[in-house]
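Participant: I'd like to ask you about the structure that follows.
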Amino acid sequence: MTPVPHSVGLNRPQRQLPPGACDSHMHIFDPRFAPSAHWPRTPPVAPVAVYRQLQARLGTTRTVVVTPSTYGTDNAYTLDALDQLGDAARGVAVVDDGVSADELAHLAARRVRGLRVNFVSPQSWGTTTPAMLATLARKVAEHPACASWHIQIFAQPEQLIALAPQLHKLPVPLVIDHLGRIDPAEGPAAEAYGVVRGLLDGGNTWVKLSGAYMRSTVHGPSYADTLPLGQALVQAAPDRLVWGSDWPHTTEAPGTVNDADLVDLLQAWAGSDAAMDRILVDNPARLYGFDTAPAA
């Protein structure tokens with residue numbers, strides 16, 4: 001097998017993934033599209049053709065392309081990636097709070113299914129604020145073309161705690177990125193986990209089981225320190241979790257992340273094939289509007 005750029009190793013996941021398995025959080029970086037002027041770093045070269053190699057290695061067939069901070073509020077590359085990937089892909093876009101109704105309708109027609117609000121890294125020139133989150137959630141809730149959309153937030157644990165009253169009142173479904181960036185050393189005992197659990201119990205929140213390496217001190221291949229946190233989330237809300245590779249892993253040093261290990265970690269979190277299949281197939285089908293019965 002040929003190595004996949006931005007993913008070390010040649011192994012496949014220990015378990016063959018089911019038909020319709022979805023990578024619900026990844027990014028495309030295409031040199032045809034210039035990064036935003038606010039972005040200080042050179043993005044990797046990670047176009048759709050390279051990502052398809054990762055799909056072939058892992059066994060995923062569906063994907064969700066998320067606009068990264070690199071492109072600011074320009075979603076042209078995301079829409080281009082969705083065109084290339086076809087109906088097996090959905091998108092999560094980044095916009096500012098002045099986004100027009102026409103632009104939201106345009107994004108919906110191109111298979112975007114949510115908006116990302118990033119409190120961790122700058123998504124444009126300005127600072128992300130709770131007011132911006134409220135405005136975008138209201139616009140999504142009021143727009144008929146966005147009836148199946150959600151708001152996805154990337155936030156530090158202390159930001160989740162501070163935002164909790166507002167998050168509970170959002171008029172649209174909420175998706176929390178990357179395990180809420182909760183410290184694995186604290187795991188389910190963390191105050192932020194209590195906030196996330198309360199949101200999950202409210203029935204309108206989802207969590208992405210992704211980015212385990214961001215806070216892990218054990219690192220791959222096992223990321224064993226994340227097991228209590230991941231397993232607690234699976235026990236709390238197995239029907240509102242999705243998994244994402246976060247390829248091409250721009251937060252990590254090059255040559256340090258093996259995506260097959262991340263799939264095996266999901267298996268360890270899930271505890272059973274049935275729970276894993278729900279997280280990979282059934283849940284993303286509902287959240288992103290894929291067909292519920294993928295072809296074998």
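Participant: Do we find a residue being of a type in the set (D, E, K, R) and either closer than 28 Å to Ala212 by Cβ or in contact with a His (Cβ under 6 Å, 6 or more places away or on another chain) (or both) anywhere in the range 173-182?
Facilitator: Initially, the range 173-182 is screened for residues of a type in the set (D, E, K, R), giving 177, 181.
Those still in the list that are either closer than 28 Å to Ala212 by Cβ or in contact with a His (Cβ under 6 Å, 6 or more places away or on another chain) (or both) too: 177, 181.
Checked against the condition, which is being of a type in the set (D, E, K, R) and either closer than 28 Å to Ala212 by Cβ or in contact with a His (Cβ under 6 Å, 6 or more places away or on another chain) (or both), the range 173-182 yields at least one hit.
Participant: For the condition open to solvent by less than 20 Å² (accessible area, probe 1.4 Å), of a type in the set (Val, Ile, Thr), closer than 22 Å to Val66 by Cβ and out of contact with any Lys or Arg (no Cβ under 9 Å at 6 or more places or on another chain), what is the one hit in Val196, Val242, Val207?
Facilitator: Working: Val242 fails: out of contact with any Lys or Arg (no Cβ under 9 Å at 6 or more places or on another chain); Val207 fails: out of contact with any Lys or Arg (no Cβ under 9 Å at 6 or more places or on another chain).
Just one listed residue meets the conditions, Val196.
Participant: Given the criteria at pLDDT 95 or above, small (Gly, Ala, Ser) and touching a strand residue (DSSP E or B) at 6+ places or on another chain (Cβ under 7 Å), does Gly20 qualify?
Facilitator: When the stated conditions are applied, Gly20 passes them.
Participant: Which of the residues that make up the range 255-288 are farther than 30 Å from Ala145 by Cβ and not aliphatic (A, V, I, L, M)?
Facilitator: Gly255, Thr256, Asn258, Asp259, Asp261, Asp264, Gln267, Trp269, Gly271, Ser272, Asp273, Asp277, listed by residue number.
Participant: Quick one: in the range 59-76, of everything that is touching an Asp or Glu at 6+ places or on another chain (Cβ under 6 Å) and within 28 Å of Leu17 (Cα to Cα), which residue is surrounded by the fewest Cβ atoms within 10 Å (Cβ to Cβ)?
Facilitator: Taking the range 59-76 and keeping what is touching an Asp or Glu at 6+ places or on another chain (Cβ under 6 Å), we get 60, 63, 73.
Applying the additional criterion that residues be within 28 Å of Leu17 (Cα to Cα) yields 60, 63.
Working: Thr60: 24, Thr63: 30.
Checking each candidate, the answer is Thr60.
Participant: Here is a further query. Of the residues Asp102, Asp80, which single one is more than 20 Å from Asp177 (Cβ to Cβ), out of contact with any helix residue (DSSP H, G or I) (no Cβ under 7 Å at 6 or more places or on another chain), in contact (Cβ under 8 Å) with a residue 40 or more places away in the chain and of a type outside the set (Gly, Ala, Ser)?
Facilitator: Exactly one residue qualifies, and that residue is Asp80.
The values are calculated or read from the model by the stated rules, or taken from the named source; none is laboratory data. What you see is a predicted model, and the numbers here were worked out from it, not measured in a lab. In this analysis, Cβ positions are derived from the backbone assuming ideal geometry, glycine residues included, and neighbour counts consider all displayed protein chains. Calculation scope for accessible area: heavy atoms of the full protein, side chains included, ligands and nucleic acids excluded. Shrake-Rupley method; radii C 1.70, N 1.55, O 1.52, S 1.80 Å.
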